[in-house]
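Everything on this sheet refers to the single structure shown next.
Read-outs: derived from the displayed coordinates by stated rules, not from any lab. In this text the structure is predicted, and so the values were computed from the model without any measurement. Don't worry about glycine lacking a Cβ; one is built from the backbone with ideal geometry, like all the others, and counts go over all protein chains shown.
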Amino acid sequence: MTQRSPLAHSAKAAITGVALLLVAPFTQASEAETSGSDPRPAQIGDFSLKVEPGVALPLTHPQSQLFKVGGGQSIKALWIVNKYMDIGPSVSFMALPTENSLGDFGTAWTYGAGLRFRRPHDVPARNGFYASSPWVDADALYVRTGGLNRLGIDAAAGLSVPIGGSRVFWIGPFVRYLHILQYPNRTGFDNHDAKILSLGVSLEVGTGVQRERGDAAAAEVRTITKETFFCPDRDNDGVPDNVDHCPDVAGPVDNWGCPLYQKLVVKRDKLELKERIYFAWDQAILQDVSFPVLDEVVQALKDNKGFRVQVEGHTSSEGSDDHNQTLSEKRADAVVDYLVGHGIGKERLVSTGFASAVPVDTNATIAGRENNRRVEFVVHFIILNDGSK
């Protein structure tokens with residue numbers, strides 16, 4: 001091979017062509033995607049092999065004047081460190097044709113190791129594109145160009161998209177920057193660094209992340225699904241009635257099947273208010289600031305028509321017992337009247353007063369006494385016998 005310049009061997013590129021025969025099990029992948037199984041987490045030490053065929057462009061003088069666009073091939077072996085990072089060795093070969101008409105090439109071999117950061121391959125997604133994995137990597141390299149041994153570094157970014165639901169095969173575009181370091185003041189050689197940009201398509205094969213159909217964990221999932229299917233769920237929200245806190249209105253699973261109210265939480269035995277109900281001092285007159293939370297109580301009772309609610313009124317220990325008892329009962333009645341006035345049937349409501357008999361805080365401080373002036377809502381479910389309406 002004729003050398004017009006020692007730097008003719010300093011370029012790095014991707015080989016123009018590589019053949020990779022992959023027969024992806026598309027039929028099995030489609031069946032796996034419809035089975036409802038989730039991807040299993042990747043395990044530390046799982047292995048994948050990645051090839052990067054592509055084209056290469058010299059970026060700086062004198063390589064850009066000596067060489068045309070060439071090509072090359074990189075091969076990387078990757079082992080999982082955690083779900084976001086892989087490490088492993090790499091090897092690549094590059095060839096850049098010279099500008100003369102003699103058919104000469106500048107070639108480069110690189111050997112090194114590095115790490116890759118990526119979106120996890122086990123992200124749940126039915127559609128292959130939304131399970132795609134953006135990635136970036138970097139390598140430290142030993143570079144052999146002609147008779148020269150040098151150091152180099154590279155960095156790349158790309159996007160991998162799975163082929164099929166088993167996620168054994170991945171494909172996608174990439175761009176890679178290679179920087180070959182020149183020795184300073186080397187007699188007879190150009191002392192400039194070589195800089196090469198590679199563009200191509202990466203192909204990766206790994207262990208896959210889909211559960212096998214014979215896997216015991218997958219069998220367990222199918223059994224649970226079958227049992228859930230036969231559990232009553234009259235609001236069709238995916239939460240069985242035996243654990244649904246709001247069986248008459250749909251709600252998310254992580255909120256026990258209840259809608260996401262802003263000012264209250266539906267517990268199994270009560271409506272737990274996030275805000276206090278305020279009354280005029282020593283009176284059973286509701287203050288306007290209490291109306292928004294009571295309006296949400298009204299909405300919760302309209303949504304959950306099977307709730308019977310006991311409204312409990314409480315006071316602090318200030319004043320006589322008789323006065324506090326009467327005041328607590330009147331305050332509970334005031335809340336009931338508000339709910340009835342906003343469309344809740346009175347037959348669903350019961351009120352009672354406890355005066356200061358059931359404090360939630362100490363009555364020795366102003367703050368404690370303030371906390372004890374409260375109205376609580378206790379939910380009672382109507383339990384029907386089988387066949388009743």
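Using a basic spin-label model with each label point 7 Å from the Cα along Cα→Cβ, how many nm lie between LYS263 and VAL81?
5.2 nm
Ratio to report: Rg/Rh of the range 247-331, with Cα atoms as the point set and Rh obtained by the Kirkwood method; give two decimals.
With Rg and the Kirkwood Rh in hand, the quotient comes to 1.05.
Exactly which trypsin sites (Lys or Arg not before Pro) in the range 251-337 are in a DSSP loop and have at most 12 other Cβ atoms within 10 Å?
Of the trypsin sites (Lys or Arg not before Pro), the ones in loops of the range 251-337 whose Cβ has at most 12 other Cβ atoms within 10 Å are ARG268, LYS274, LYS305.
For the range 52-90 and the range 237-269, what is the separation of their Cα centres, given in Å?
The two parts, judged by their Cα centres, are 54 Å apart.
Of SER202, SER328, how do they rank once you tally other Cβ atoms within 10 Å and put the fewest first?
Lowest to highest Cβ neighbour count: SER202, SER328.
What ranking do PHE105, PHE307 get, fewest neighbouring Cβ atoms within 10 angstrom at the top?
By the 10 Å Cβ count, ascending, the order reads PHE105, PHE307.
Once both labels are modelled 7 Å past Cα along the beta-carbon direction, what's the PHE291-VAL253 spacing in nm?
My value for the distance between the label points is 4.1 nm.
Test of understanding: ordering LEU57, LEU178 by Cβ neighbours within 10 Å, fewest first, what list do you get?
Listed from fewest to most nearby Cβ atoms, that is LEU57, LEU178.
Using the Kirkwood radius built from alpha carbon pairs, what does the Stokes-Einstein equation give as D for the range 234-275 at 37 °C and 0.692 mPa s, in µm² per second?
320 µm²/s
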